[in-house]
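The values are calculated or read from the model by the stated rules, or taken from the named source; none is laboratory data. What you see is a predicted model, and the numbers here were worked out from it, not measured in a lab. All Cβ positions, glycine included, derive from the backbone under ideal geometry; neighbour counts span all protein chains shown.
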Amino acid sequence: MAKDEPTPLERFIRGILPENPVYRQLLGMCPTLAVTASMKAAMTMSGAVLFVLFCANVLTSLIRHLLKPHLRILVFTLTIAAFVTIADRFLAAYMYEMSKQLGPYVPLIIVNCIIICRCEVCASKQPVLTAATDALGQSVGFALGLASIASVREILGSGEWFGLAVMGDWWIDWGIMILPPGAFITLGLLLGTANWIGSGRAKRGARES
Amino acid sequence: MEHLSQLVLIAFGAALINNFVLKYFVGICPFLGVSRRVDMAFGMGCAVTFVVAIAATLSWTFTYYILRPDAPLTAWVWQKISPGSTAVVDLSILNYIVYIFVIASSVQLVEMYVRKFFPALYKSFGVFLPLITTNCAILFACLMVMKYISEEAWGLDKAITLAVFAGVGFTIAIVIMAGIREELDHCDVPRPLRGAGITLIIAGILALAFMGFSGVDRSLANLLK
């Protein structure tokens, strides 16, 4: 193993900010845009992704010596599909309203690029502990990304946050923010902001050194 | 006549009113990744349309005959296994696994076909052709077909219409996007927004424009009556 291989803890931290799946890697855009009209939906989605990513990463890491190169993507997808079925049935049984609201976006986790990407890049090469922390870090990063977009959209679009009214009565809802165009524009602007902050920091770092 | 007008409504709805990319946010990855040049965007759109049509046909067949509760083929096999049983066999828990298998194999098929007959196109696709497997638009079409079979007992013709025109809608959206991005190369975009940022904002404005189609289906239905 190479010397500069990150430790499990570093991998966990790395997933949260420096390699944030939403803002840095631009992975898993479909759920990012689709379920962020309200915080509740966004957090349920993050929970489902956390479960699937964790289980898929651990399982892939356990069977990594058995994987054949040309079949591995298929194996990943089938593993993920099995766990997504579990998550979907669970949501339908215990959180029926939410499952109705999320609709097809729960099964769409199967083709979420984040999970396949983590299985391919990390879990198929690393021991179980590393794969598990990597999965946790990436899903926390994903949840943070989703939370930031959902906060902006829910507060501006319906004057609420997690269903609690935060804006006063004077606030007029921006209907467009909870509709599809609002999702695209919010993500575009937040992405620009993230890049702007990142480039400012890089410049300062260059000047100091 | 009734049936034909339903098909027209489904086609119109899938292509424009409920555009996959701009309304349901599926297929965003190729929409951001392959929309730099119009010809490549068009090729990608055609590939997706082709795969989505095959995948929806196969998944309709599997769902209708095998997977749904009390499907004819499963019920027949069950009767052979335990004659006289009145239990309803429901294999719908296998839905997602079967769909993803169907999609992966039809992508493989398209890849072989394109490599044999259009080598130039194959080279320009590069990594994007296998990536169609993980394109959410295709799984989403399968899931919609699944939903409509259980809710409205859709036939195969409606499923194919939905899939083909959803692909056409995807092609329309990605070609418009590529056209705008070709012009964008000559513009002075603020540095942090370059790349994905400005593309997403343009997609938002496009989605706003496509929202203008909502409600058209109702007047179209009145017209066809």
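Things worth noting here:
- Selected residue (only one of A:136, A:108, A:91, A:102 is out of contact with any Asp or Glu (no Cβ under 6 Å at 6 or more places or on another chain), within 12 Å of residue A:45 (Cα to Cα) and away from chain B (no Cβ under 13 Å)): A:91
- Only residues that are surrounded by 15 or more Cβ atoms within 10 Å (Cβ to Cβ), assigned to a helix (DSSP H, G or I) and within 14 Å of chain B (Cβ to nearest Cβ) were counted across the stretch A:157-192, and they come to 17.
- Filtering B:149, B:198, B:174 for residues that are more than 8 Å from chain A (Cβ to nearest Cβ), touching a Pro at 6+ places or on another chain (Cβ under 9 Å), buried (at least 19 other Cβ atoms within 10 Å of the Cβ) and not aromatic (Phe, Trp, Tyr) leaves a single hit, B:174.
- Breaking point among (1) small (Gly, Ala, Ser); (2) at pLDDT 85 or above; (3) outside any helix (DSSP H, G or I), for residue B:163: (3)
- Just one of the listed residues (B:48, B:21, B:102, B:26) is surrounded by 15 or more Cβ atoms within 10 Å (Cβ to Cβ), over 13 Å from the mean Cα position of the chain (by Cα) and within 14 Å of another protein chain (Cβ to nearest Cβ), and it is B:102.
- Options B:29, B:46: the member that is out of contact with any helix residue (DSSP H, G or I) (no Cβ under 6 Å at 6 or more places or on another chain) and farther than 26 Å from residue A:182 by Cα: B:46
- Residue in the stretch A:112-123 that is more than 18 Å from residue A:24 (Cβ to Cβ), within 14 Å of chain B (Cβ to nearest Cβ) and not in a loop (DSSP other than H, G, I, E, B) present: yes
- Only one of the numbered conditions (1) over 13 Å from the mean Cα position of the chain (by Cα); (2) of a type in the set (Phe, Trp, Tyr); (3) in a helix (DSSP H, G or I) is not met by residue A:142, and that is (1).
- Answer residue from the stretch B:210-225, given it is surrounded by 12 or more Cβ atoms within 10 Å (Cβ to Cβ) and within 14 Å of chain A (Cβ to nearest Cβ) and is farthest from residue A:178 (Cα to Cα) among those: B:213
- Selection within the stretch A:35-53: residues that are more than 12 Å from the chain's Cα centre (by Cα) and of a type in the set (A, V, I, L, M, F, W, C). The member of this set that is farthest from the other protein chains (Cβ to nearest Cβ) is A:39.
Each row is one residue, and each column tells you yes or no for (1) within 19 Å of residue B:27 (Cβ to Cβ); (2) crowded, with 18+ Cβ neighbours inside 10 Å.
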| site | (1), (2) |
| --- | --- |
| A:9 | no, no |
| A:26 | yes, yes |
| A:30 | yes, yes |
| A:42 | no, yes |
| A:59 | no, yes |
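- Scan of the stretch A:3-32 for residues that are under 11 Å from the mean Cα position of the chain (by Cα), of a type in the set (A, V, I, L, M) and not in a loop (DSSP other than H, G, I, E, B), ordered by number: A:16, A:29
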